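Student: The structure under discussion is supplied below as structure tokens; questions concerning it will follow.
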Amino acid sequence: MTTDRGGDRSRWLKVPHPRPHAGVRVVVLPHAGGTATFFRPWGAALPEWAELTAVQYPGRESRIGEDPLGDARAMADGVVEALEAERAAGDVRRIVLFGHSLGATLGYEVARRLPAAPIRLVVSARMAPTVPPRESTHLGTDDELVARLRALGGTDTRVLDEPEMRELVLPAYRADLRAAETYTHEPRPPLTCPVEALAGADDPAAAPSDVERWADVAPAGFRLTVLPGGHFYLQGQPDRVLAAVLDGLSGYAGAPSD
């Protein structure tokens, strides 16, 4: 059963497999058009000392009645406010941030905003923030957005075949693309946690060479792992992805931060 956190923060943070005694929280930020449900299987796959918290952006699933934001910094601010509300309520467990595609950019902004730095930031399938956006796909027609979704994978094609479902999916996807494609990097403040970067060897949207440039914004340490697959390489090999996310972190299992 998925647990929603209390108060306003419940809109942003979903916990599919609650483990209140886990010492580490893995906070995952989805891709453009993505939902908290996409990462639901990870909740059960994590070790007992880690709990999954999936971010739910406005404009989808339980937040379908809200307008999507379309601005990366506003989205990051919402996540930070939700996490800080939990910390104020007594949840001082250490955090690992994982962001896929757009979620990587948001994770970067979240990591720089949190008063207590995360243990690590894991960025996946996203060019570094120092690489200027090369596309304006969010300005395209609905058919062009659908074609992009089909090309990248990760979305059930049956959803794209149904006009009513497309009307539900595309506004959030377009807004998320706008957030990704209009994002501009500001170098301050710098990250204070190490960065683990993951890339799909055949990703047409984020080549490993572009993902490797996350090293430019990782003064506390950087490592790149390239895995087989395209933009959604993480589907079909969750064990390898989670191993990279959690590598060396079991020592934090029972050690909440001050």
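Student: By how many nm would the segment from Ala201 to Ile64 grow when fully extended, if each residue of separation counts as 0.36 nm and the alpha-carbon distance is taken off?
Tutor: On the way: separation 137, 0.36 × 137 = 49.32 nm, distance 3.39 nm.
Length gained, Ala201 through Ile64: 45.9 nm.
Student: Which GluC sites (Glu not before Pro) in the stretch 131-220 sit in a loop by DSSP (not H, G, I, E or B) and have at most 14 other Cβ atoms within 10 Å of their own Cβ?
Tutor: On the way: sites: Glu135, Glu144, Glu164, Glu167, Glu181, Glu196, Glu212; in loops: Glu135.
Sites meeting the loop and neighbour criteria: Glu135.
Student: Any idea what the relative contact order of the chain is, in percent, if you count C-alpha pairs under 8 Å spaced at least 6 apart? Kindly include the intermediate steps, with their values, before the conclusion.
Tutor: On the way: 527 pairs, mean separation 54.2, N = 258.
Relative contact order for the chain comes out at 21 percent.
Student: Using amide H atoms built in the peptide plane, which far-off residues or other-chain residues are under 5 Å from Leu224 H to H?
Tutor: Those qualifying (amide H under 5 Å, at least 5 residues apart or on another chain) are Ala197.
Student: Counting only Cα atoms, I'd like the Rg/Rh figure for the chain, Kirkwood definition for Rh.
Tutor: Values: Rg = 17.0 Å, Rh = 18.2 Å.
The Rg/Rh ratio comes out at 0.93.
Student: Ranking Ser10, Ser124 by Cβ neighbours within 10 Å, fewest first, what do you get? Don't skip to the end; give the middle numbers.
Tutor: Working: Ser10 16, Ser124 31.
Final ranking by Cβ density, sparse to dense: Ser10, Ser124.
Student: Would you work out which of Val110, Met75, Ala151 lies farthest towards the positive end of the dipole of the stretch 3-248, given +1 charges on the beta-carbon of Lys and Arg and -1 on that of Asp and Glu, about the Cα centre?
Tutor: Among Val110, Met75, Ala151, the one farthest towards the positive end of the dipole of the stretch 3-248 is Val110.
Student: How big is the stretch 66-194 along each principal axis, measuring the range of its Cα positions in Å and listing the largest first?
Tutor: Largest first, the stretch 66-194 extends 44, 33, 22 Å along its Cα principal axes.
Student: May I pose another question? Taking K and R as +1 and D and E as -1, what net charge do the other residues with C-beta under 10 Å from the C-beta of Val146 add up to? Spell out each step's value before the answer.
Tutor: Working: positive: Arg148, Arg150, Arg166; negative: Asp142, Asp143, Glu144, Asp161.
Residues close to Val146 contribute a combined charge of -1.
Student: Same structure, new question: Cβ under 15 Å from Val211's Cβ, Val211 left aside: what net charge do those residues give with Lys, Arg +1 and Asp, Glu -1? Intermediate results must be reported in sequence, preceding the final value.
Tutor: Working: positive: Arg126, Arg134, Arg213, Arg223; negative: Glu196, Asp202, Asp203, Asp210, Glu212, Asp216.
My count for the surroundings of Val211 gives -2.
Student: Provide His100, His17 in ascending order of the number of other Cβ atoms located within 10 Å of each residue's Cβ, fewest first. Can you show the working numbers first?
Tutor: Working: His100 28, His17 17.
Ascending Cβ contact count within 10 Å gives the list His17, His100.
Student: Another question, if that's okay. Over what distance in Å are the Cα centres of the stretch 108-164 and the stretch 7-45 separated?
Tutor: 18
Student: Among Trp49, Trp42, which comes first, second and so on when ranked by fewest other beta-carbon atoms within 10 Å? Numbers along the way, then the final one.
Tutor: Values: Trp49 17, Trp42 21.
The most exposed by this proxy come first: Trp49, Trp42.
Student: Can you list residues whose amide H is under 5 Å from Thr53's amide H, if they're 5+ apart or on another chain and H is modeled 1.01 Å from N?
Tutor: Val26, Val27, Val28
Student: Shifting gears a bit: Let me check I've understood the local charge: for Phe222, count other residues with C-beta under 15 angstrom from its C-beta, Lys and Arg +1, Asp and Glu -1. What total comes out?
Tutor: Values: positive: Arg120, Arg126, Arg213, Arg223; negative: Glu196, Asp210, Glu212, Asp216, Asp247.
It works out to a net charge of -1.
Student: Would you grab the residues whose amide H sits under 5 Å from the one on Arg120? Only those 5+ places off in sequence or on another chain, please, with H modelled 1.01 Å from N.
Tutor: Residues meeting the amide H criterion: Leu97.
Student: Taking the Cα-to-Cβ direction at Asp247 and at Ala220 and moving 7 Å from each Cα, how far apart do the two end points lie in nm?
Tutor: 1.8
Student: How far apart, in nm, are the 7 Å Cα→Cβ label points at Glu162 and Glu212?
Tutor: Here the answer is 4.4 nm between the modelled labels.
Taken together, the values in this text are just the output of simple stated rules run on the coordinates, not laboratory data. Fair warning: this is a prediction, and the values are worked out from it, not measured in the lab. Cβ sites come from the backbone with ideal geometry, for glycine too, and all protein chains shown count toward neighbours.
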